[in-house]
Structures are given as structure tokens and as C-alpha cells.
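Working notes for the structure below.
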Amino acid sequence: MSAKEKILNLDNPKWIKSLFADPKWSFIWLALRVYIGLQWLEAGWAKIGNSAWVGENAGTAVSGFLHGALSKASGEHPDVQAWYAWFVETVALPNAKVFSYMVSIGEFLVGIALILGIFTGLAAFFGAFMNMNYLLAGTVSINPILLIGAILLLIAWRVAGWYGLDRWILPKLIRNK
């Protein structure tokens, strides 16, 4: 057997399989899912209720955030890498109003989906994507904790929504294919 075949035939340890794929551990994923979901829901709801994010002044708050990110893109060891600063300057800032709505509504929807346990893997992916963007913009805050949690939910996607709507919706989607 070649080295490639040996690697491809490796099996996960039983405790890994159990933790990430056995419904008996779903209570762990429920707790993590609801905690992360509440963080996203609260953040999104606060933005949706703020006219600097959604409404007549949409784009104002995100522009301030993005300008703050650009200010961290210089020096010997910048917090924001040059390629991300380019993205902020040429893509995000000119479209600040659109990004403002996307962030606000995206945070809210990720929160709802995680709390309800519907499309948990997809919601965790988009939450992780937003966390990565906040981290790339030089904002640490709670983002590393939420990112690690989202990665764990992505790994456990099959059972992370067991105590949620995924338990009934995912089997129907799979059967209909």
C-alpha cells in the first residue's frame, strides 16, 4: 500500500466520530450553537435598529469601521494586510451602503439560523466568514472565540442541529435528491 493510500484510508478515532457525528453529543452543539447564535442575533439586531447601519444613514458606521481598518494597514507589522486593505479601499468602501445592509442582515440571519438549528452548517460557515473578515480588518474582540465555535459547528454539522429544525429538514432535502 502506498503512502497516499495509507493516508486516504485513515479512519477517525472513535471518540472523534462520536463527538462530531453521534446525536448523543448534540446537547454540546446545542449549547454552542445557541451561544454563538445569540451573539450574532444581538449584534445584527443592534445594527438593524441603528440608522447608521440600516436606513437613511446606511453606510456611515461601516465606513467608519473600514477607515479604522485602513489606519491599521501601515507600519512595520500592520494589523491589516496590504491585500485586505486593497479590498477595503477598492471594493468595500465604495459600496459601504451595500456592505452595511449585508453585514447587518447577515449577522441577524446567522443568529436566527443557529438558534433555530436550521441549515446549521451553512449558518456556521457564513458566521465564520464574517468573523474572518472582522479579524482581517484588525478587530479581535470576541471574533476568535466565535470563529473557533463556528469551525467546531462546521465539523459537527450533521448533528449540530439535532435539537433544532435540521433534524427534520435535512433528511427531507436529502431524500428529495
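The values are calculated or read from the model by the stated rules, or taken from the named source; none is laboratory data. Worth saying up front: this structure is predicted, and the values here are computed from it rather than measured. Neighbour counts run over all protein chains shown; Cβ positions are idealised from the backbone, glycine included. With ligands, DNA and RNA removed, areas are computed over all heavy atoms of the protein, side chains included. Shrake-Rupley method; radii C 1.70, N 1.55, O 1.52, S 1.80 Å.
Under 8 Å for C-alpha pairs, at least 6 residues apart: give me the relative contact order for the chain, rounded to a whole percent.
30 percent
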Whole-Hz couplings from phi, Karplus 6.51/-1.76/1.60, listed for the stretch 3-8; x for Gly and Pro:
4, 4, 5, 4, 5, 5
Probe radius 1.4 Å, ligands and nucleic acids left out: which of Trp157, Trp86 has the largest accessible area, and how do the rest follow?
Trp86, Trp157
Roughly how far apart, in whole Å, are the Cα centres of the stretch 78-147 and the stretch 1-57?
15 Å
Helix 166-175: inclination vs the chain longest Cα principal axis, degrees, rounded to 10, gives 70 degrees
Output the 0 to 90 degree angle, nearest 10, between the alpha-carbon long axis of helix 60-71 and the longest principal axis computed from the alpha carbons of the chain.
90 degrees
With +1 on each Lys and Arg Cβ and -1 on each Asp and Glu Cβ, and nothing else charged, work out how big the dipole of the chain is about its Cα centre, in Debye to the nearest 20.
880 debye
Heavy atoms of the protein only, probe of 1.4 Å, neighbouring chains included. What is the accessible area of Leu8 in Å², nearest 10?
130 Å²
Of the options Leu41, Ile169, Ala61, report the single residue whose Cα projects farthest towards the positive end of the charge dipole of the chain (beta-carbon charges: Lys, Arg +1; Asp, Glu -1).
Ile169
How large is ³J(HN,Hα), in whole Hz, for each residue of the stretch 21-35 in order, when computed from phi with the Karplus curve 6.51 cos²θ - 1.76 cosθ + 1.60 and θ = phi - 60°, using x for Gly and Pro?
9, 9, x, 5, 9, 4, 4, 5, 5, 4, 4, 5, 4, 5, 4
Dimensions (Å) - the chain, Cα atoms, principal axes, largest first
52, 42, 31
To the nearest 0.05, how large is the calculated FRET efficiency for Lys172 and Leu122 if R₀ is 22 Å and r is the Cβ-Cβ distance?
0.90
Per residue of the stretch 82-87, what does 6.51 cos²θ - 1.76 cosθ + 1.60 with θ = phi - 60° give for ³J(HN,Hα)? Whole Hz please, x for Gly and Pro, Karplus curve as stated.
4, 5, 6, 4, 4, 4
So for the pair Glu42, Lys14, with labels modelled 7 Å out along Cα→Cβ, what separation do we get in nm?
4.1 nm
With a 1.4 Å probe and all protein chains left in place, how much accessible area per residue does the chain have, in Å²?
60 Å²
Simple spin-label estimate for Ile105 and Val91 in nanometres, 7 Å along Cα-Cβ:
1.9 nm
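Taking all protein chains in place and a 1.4 Å probe, what share, in percent, of the accessible surface of the chain do carbon and sulfur account for? It would help to have the intermediate numbers written out before the result.
On the way: 7290 of 10640 Å².
That fraction is 69 percent.
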